[in-house]
Amino acid sequence: MEIEKLIEEINRLKEERNAIIMAHNYQLPEIQDIADFLGDSLELARKAVNVDADVIVFAGVDFMAETAKILNPEKTVLLPTRRATCAMANMLTIKHIVEAKKKYPDAPVVLYVNSSAEAKAYADVTVTSANAAKIVGKLDSDVVIFGPDKNLAHHVAKVTGKKVIPVPPNGHCYVHRKFTLEDVERARKLYPNAKLMVHPECEPEVQEQADIIVSTGGMIKRACEHDEWVVFTEREMTYRLSKLYPNKKFYPARNDATCIGMKAITLQHIYESLRDMKYQIEVPAEIAERARKAIERMLEMS
Ligand code: 13P
Ligand code: SF4
């Protein structure tokens, strides 16, 4: 189907189903362009609480769609393709959490939203990259178990001064792990007037070179502070930023920083998702109830 026709059909089906499309900042440009709501993982979770629609088509990865479903059990949440998954979230198992808890029984379990619903059911509170340091800082404990991203754990430990136990020991995002000090050097040479905005999933040595360390939502909020930026996160973020700030310059630090899970979704998938009402996200009630408490605690604390 031609792209204009596809968009026309998506809009028609959206009306027929009373659906909205929520999308993460890493989605393909053509999906960002048709989304009803775009945001980082915290903004998407917040928005999911107050959605005025029967159906949410979630253009993001599976844990984000699960979070929307947990917060909205009575609504239908659709993930356009089962291939939209987060490799980092899949690194954390229940066994990792249970073993860490045996070693540190008094430490609260703080889980990045990039984790499965099952894992969240074991969390005291969830966090996103936008609020992790703030929430850990507020917890009444100097030691926390934190998973699955060890680089975000490093950032949190640095900001809060607390002891952060990473679970698993080497949880990471393969997209953000690509950024190295050579990328920093190249960026400084090629764009001497630019500042560096760095996602906290990047390696500690890259974080140390950052002008600001922020979530994707934080990048949008703080872009107003300077006219030229090199962006250390998934490639599509520069599309989002350039659209919002057409008079500023945003350079991707690497062109190959691509999240396969995010990029698995196409306009065709969104059309088929609305047409066939697939793939419906379901979270078993007992897991959803426990995970909801951890997510709601995050929303209250941030
Ligand atoms: P944000 O919370 O910054 O949107 O990040 C989510 C994510 O998966 C980053 O890789
Ligand atoms: Fe997961 Fe990394 Fe993709 Fe974010 S960029 S969704 S952390 S794999």
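The values are calculated or read from the model by the stated rules, or taken from the named source; none is laboratory data. As the structure is a prediction and not an experimental result, all values here were calculated from the model. Neighbour counts run over all protein chains shown; Cβ positions are idealised from the backbone, glycine included. For accessibility, only protein heavy atoms count, side chains too; no ligands or nucleic acids. Shrake-Rupley method; radii C 1.70, N 1.55, O 1.52, S 1.80 Å.
Values as computed for the structure displayed
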{"read-out": "Alpha carbon convex hull of region 212-302, volume per residue in cubic angstrom", "value": "155 Å³"}
{"read-out": "Principal semi-axes in Å for the chain [√(5λ), Cα gyration tensor, largest first]", "value": "29, 27, 15"}
{"read-out": "In region 23-95, the GluC sites (Glu not before Pro) that fall in loop regions by DSSP, at most 13 other Cβ within 10 Å", "value": "E74"}
{"read-out": "Out-of-range pairs (alpha-carbon distance over 24 Å; input K14/K221; K5/K69; K101/K158)", "value": "K14/K221; K5/K69"}
{"read-out": "Rounded accessible area per residue of region 173-260, 1.4 Å, Å²", "value": "47 Å²"}
{"read-out": "Share of carbon and sulfur in the accessible heavy-atom surface of region 169-253 [1.4 Å probe, %]", "value": "49 percent"}
{"read-out": "Å² per residue, accessible surface of region 90-129 at 1.4 Å", "value": "43 Å²"}
